[in-house]
1. As an exercise, identify the trypsin sites (Lys or Arg not before Pro) in segment 251-351 lying in DSSP coil whose Cβ has no more than 11 other Cβ atoms within 10 Å.
2. Taking amide H positions as placed in the peptide plane 1.01 Å from N, state which residues far from residue 75 in sequence (5 or more) or on other chains have amide H under 5 Å from it.
3. What's the extension gain from residue 492 to residue 305 if we count 0.36 nm per residue and subtract their Cα-Cα distance?
4. Quick one: which residues, 5+ away or cross-chain, put their amide H under 5 Å from the amide H of residue 506? H built at 1.01 Å from N.
5. Could you give the length gained by full extension between residue 343 and residue 198, i.e. 0.36 nm per residue of separation minus their alpha carbon distance, to one decimal place?
6. Place +1 on the Cβ of every Lys and Arg and -1 on the Cβ of every Asp and Glu in the chain, take the dipole about the Cα centre, and give the residue among 265, 148, 214 whose Cα lies farthest towards its positive end.
7. Could you go through segment 52-68 in sequence order and give the Karplus-derived ³J(HN,Hα) for each residue, using 6.51 cos²θ - 1.76 cosθ + 1.60 with θ = phi - 60°, rounded to whole Hz, and x for Gly and Pro?
8. Between segment 486-501 and segment 58-86, how many Å separate their Cα centres?
Amino acid sequence: MNITYKVVGAQDFQNEQQNMIKHGVSVKEIVHFTSIFQKVLVPPKRDRMIQKVSVIEVKEFGSWLKGNELALTTIQNFHTKELQLSLLQQLIKGKAACLVFHPGNIHEKQEIFHETLEFARRFHFPVFQVFPTVTYAEIIELIFNLKMKKQHQEIDTLNEVNQLYFQFLSHHINLKEMLHNVKRLTEVEMILTDVNMKPLTIVHLPASSRLRFVFESDQFQSFMNREEVFKLFINGNRLQIEITDGGSSMAVLAEPVMNHHYLRSVIFVLLSKNKVFTYKLLESTVEALSIEKDTLYEARSKIEDEANRELFEKNNVKKAQALFEKIGFQIQDKSLLIVMDVRVKQVGQKEEHAKYVENLKVRVRKSIEPYLLKNDFSTWYKNKLIIFISSETKHYQQELLRNVAAMMNKVFFFLHFYIGVSGAETESLYKAFKEALAAIKHCMKNKERFSSFDDIGFLQVFTNQDTDYYLVKYYEQTLRPLLALEPDRQNELLVTLERFVDHNLHYKETAESLFVHPNTVRYRIQKIKEIFADEHIFSDHDKRFNIYFALKLWNQHMKSRTLL
């Protein structure tokens, strides 16, 4: 599948509107007038539009052809095979719509040569012959009447469509009913998407729909997620997208629906032969959807910012909860935070870049929502997307991390992002945020996509140096299996472990410092391995360091408590 696009500017749209009176009649429409047309060659593969009638009397006329003409002449004017072929060549080159031969003088035998028809068939060019009694005036009148009839039908249809939009804006019908009735009236294929170019569930297209087939392809979704395409949409540009797949091709008009300076959705319309009608329909639809704005979005964003500031900077849980409740969020049951730091390289003017980033945030958030459980939610705070998690299920958390990372890599591959997860046992959301940021810092240093606070080892103690909270948490977490023992046994094994590490894992030196037999030390160390359920607790350098560091913190903390 090959996909290209161009921006359709205001001038292009005005030009199409100015050409409305010139809008033509399909060649296939005139075939049905059997009282006028005697012989017909209409190739099945391609239809053409007639915008005007031109009478051809001279042999060389190619320079004044404008395109889309019904060329009307007599066989008598082009009575030889060579002249007929020259006539066809000039018409095809000048992009005429079709050729109509009048037999001319009925007393003179004239014919359309077999070679002429074969040449026309090869270029899919329609050729007609009318009955001898038909006049030029009748043919010109027929085309004019068909054009006016079609134009009036289109105006009537657009009026009915506008009535539907009025009913929608007056809340007499919903969006689903409006789009369904527009499709029924116009027979134009139309898709309304969310900000991530995903078709809304209210839009139903049959399985045979060409537009549906394109939308469900990975190539089209990949194209729509390109950074430059997204930027064009958030700046209000209308695009004409050309799609070729094998031997078939189609054109789609796409226009954004904005909510203030945010991209709200995008509407896609299959471009028909009647460009003017399609443009008008698209213009009316976008106008109706733009009027029906979500006026609460910016207000919600301000409340979110204030709530996050109260929670993560001031640790004012009560006020943050009250603010979150205003927009339907609950934080009482949330204990885990997943924080994603997103960096966007600035390109262009500062104001334009800020608008792009704000719209990008909406897209990222919308993309993550399907992976969240019902009561979980996400908010943006500065350049951090914060996911509030209530479930303590490890499987759900890991699956969520994998899905988010995979989605970001696939859809937002042009962004730099790092994901940090707060500690599993942290109850304070204020502390959980600090922990997630510490995990992100670890990610950046080690060039990893995501990390958990529980996995960054001794670096935990540097999270907040104003209190000893993380010092205590670190050694309690590291030494938990021993600290769970009864006091006498706990003290014996902790002291033995500390001396053993201090003496570089030498049994004899450890035994001498404890005034016990080396076998006693071996027995205790083996018990420690069993309690930790880890035979490699001393051979692994990172584990050994964590044990050593935790022991020193524990020892120092015990001494300070004794002094108090």
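1. 314, 345
2. 102, 104
3. Details: separation 187, 0.36 × 187 = 67.32 nm, distance 5.16 nm.
Extending this stretch completely gives an extra 62.2 nm.
4. Correct list: empty.
5. Using 0.36 nm per residue and subtracting the Cα-Cα distance, I get 49.8 nm.
6. Selected residue: 148.
7. For segment 52-68, the Karplus curve yields 7, 10, 10, 8, 9, 10, 9, 7, 10, 9, x, 5, 9, 6, 9, x, 6 Hz.
8. The distance from the Cα centre of segment 486-501 to that of segment 58-86 comes to 107 Å.
The values are calculated or read from the model by the stated rules, or taken from the named source; none is laboratory data. Quick caveat, the model's predicted, so the values are computed rather than measured. All Cβ positions, glycine included, derive from the backbone under ideal geometry; neighbour counts span all protein chains shown. For accessibility, only protein heavy atoms count, side chains too; no ligands or nucleic acids. Shrake-Rupley method; radii C 1.70, N 1.55, O 1.52, S 1.80 Å.
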